[in-house]
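Nothing in this text is a laboratory measurement; each read-out follows from the coordinates by a stated rule. Since the model is a prediction, treat every value here as computed from it, not as a measurement. Reconstructed Cβ throughout: ideal geometry from the backbone, glycine too, with neighbour counts over all protein chains shown.
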Amino acid sequence: MNLKIVFIDFLYNVRSWTRSRGTVFWSLLFPIMLILLFGAIFSGMGETTYTLYVQDLDQSENSTAFVGILNGTGVLTIEHVTTSDPISDYIREENIKNLLVIPKGYQSNITRSYIDPSVQVNLTYYFDPTEQQTNQILRTVISNVLSGVNMQISQGRPVIGVQEESTVTENFGFIDFFIPGMIGFTIMQQSIYGSIERNTKFRKDGILRKLLTTPITRSEWILAKMLFMLFLAFISTSVAIGVGILAFGIKVNITILTIVIVIATSFLFSGIGMIIGRFVKEEETADMAAGAISFPMMFLAGTFFAVDAMPAVIQVIAHALPLFYVNEGLRNAMIYMNQSEAVLNTGIVLVFAVIFFIAGVLLTKWKED
């Protein structure tokens, strides 16, 4: 082995890498972004507080004291619910993930339990099955507080218990909630990288310049490419749902809002891809830039991790990302069947789609400036 040749070739690759400022920039920025991203998510997990909605129907001294104990744990932030509507309707309309109901007669039943050991009182805990990490923490906190209260009342005899009710009426599993997030993520990846290919690779190969000599207009070319990206979006959506049904028996509902979100998502992220392709010239650099944008969005927007379980600052960032509303819109349309929330999220996705796609179209050029 000729080590001199190896060393010369190594130096050539280093020099080629350093000549492209964009490649150097994104090569260094990408790992920095990932470290900061995951560090921000996981380093603050132990200090995160969780919101628990509480409806106190008893309004007694004992029930108020119990809520005070929950609030004093330092883990929970209590939000009081005073609605007169049926609680299931309120949960659906307000899109509440976790709610604890203290029934009327809470204090009187505790008083009766001193005389009649068979008397018990049950709280009702409403939970969203998708928020697995949050549910586990809330269950633990509620259970520990109840154990302490029961110890004070009856030396540990279970006078106060808790029964659980899912906020989703059908019996869905985790995979049912995971599929919508994967659909949004897949469309995002296909659209961004597909748009980058036709804007950077085609420019590098001179295809865009050659298109100037053909009868096709720029708008016709973009529309044809968009129809192809939309075709891929529907194919990937159908495959994801089909595999979920055949392999896991998922239960989803396909509505007109689902179709609208899929179309808007394809246009939205295609526009982002066109914008990236306009400002990043090299194909390899464009791929790095796309990854630097799509990967953090994938983890922050609730595709894999529950947004409510993240630190408050990260939650604010998540609510500024278009993929968050895509995921929430698909879940509300396909799983929750919460039409009001589905319409709201669909509207937000459409606004993002219009802004980014128009910007991408206006910035796409067939010739260099």
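Ratio to report: Rg/Rh of segment 48-166, with Cα atoms as the point set and Rh obtained by the Kirkwood method; give two decimals.
Working: Rg = 14.0 Å, Rh = 14.7 Å.
Taking Rh as the inverse mean 1/r over Cα pairs, Rg/Rh reads 0.96.
Between Phe295 and Phe279, the contour length at 0.36 nm per residue exceeds the Cα-Cα span by 3.8 nm.
Students often get this wrong, so check it: of Lys201/Lys225; Lys97/Lys251; Lys104/Lys251; Lys4/Lys201, which have C-alpha atoms separated by over 25 Å? Violating the 25 Å Cα-Cα cut-off are Lys104/Lys251; Lys4/Lys201.
With Cα atoms as the point set, segment 174-363 shows a radius of gyration and Dmax of 17.1, 55 Å. Taking a virtual spin label 7 Å from the Cα of Ile216 along the C-beta vector, which residues in segment 173-195 bring their backbone nitrogen under 18 Å of it? The answer is 194-195, whose backbone nitrogens lie closer than 18 Å to the label point.
Treating only the Cβ of Lys, Arg, Asp and Glu as charged (+1, +1, -1, -1), what charge dipole size does segment 48-166 show about its Cα centre? Round to the nearest 20 debye.
Working: 6 positive and 13 negative charges, 95 e Å.
It comes to approximately 460 debye.
Taking amide H as placed 1.01 Å from N in the peptide plane, Thr167 has its amide H under 5 Å from the amide H of Phe127, Asp128, each at least 5 places away in sequence or on another chain.
Summarising the amide proton neighbourhood of Tyr50: residues at separation of 5 or more, or on other chains, whose placed amide H is nearer than 5 Å comprise Leu76, Thr77. Positive end of the dipole of segment 164-267 (Cβ unit charges, origin at the Cα centre): among Gly242, Gly194, Ile175, the Cα lying farthest that way belongs to Gly194.
Residues in segment 327-369 near a label at Lys204, defined as backbone nitrogen under 20 Å from the 7 Å Cα→Cβ point? Correct set: 364-369.
Per-peptide packing, taken as the mean over residues of other Cβ atoms within 10 Å, places 196-209, 329-342, 63-76, 263-276 in the sequence 263-276, 329-342, 196-209, 63-76 from highest down.
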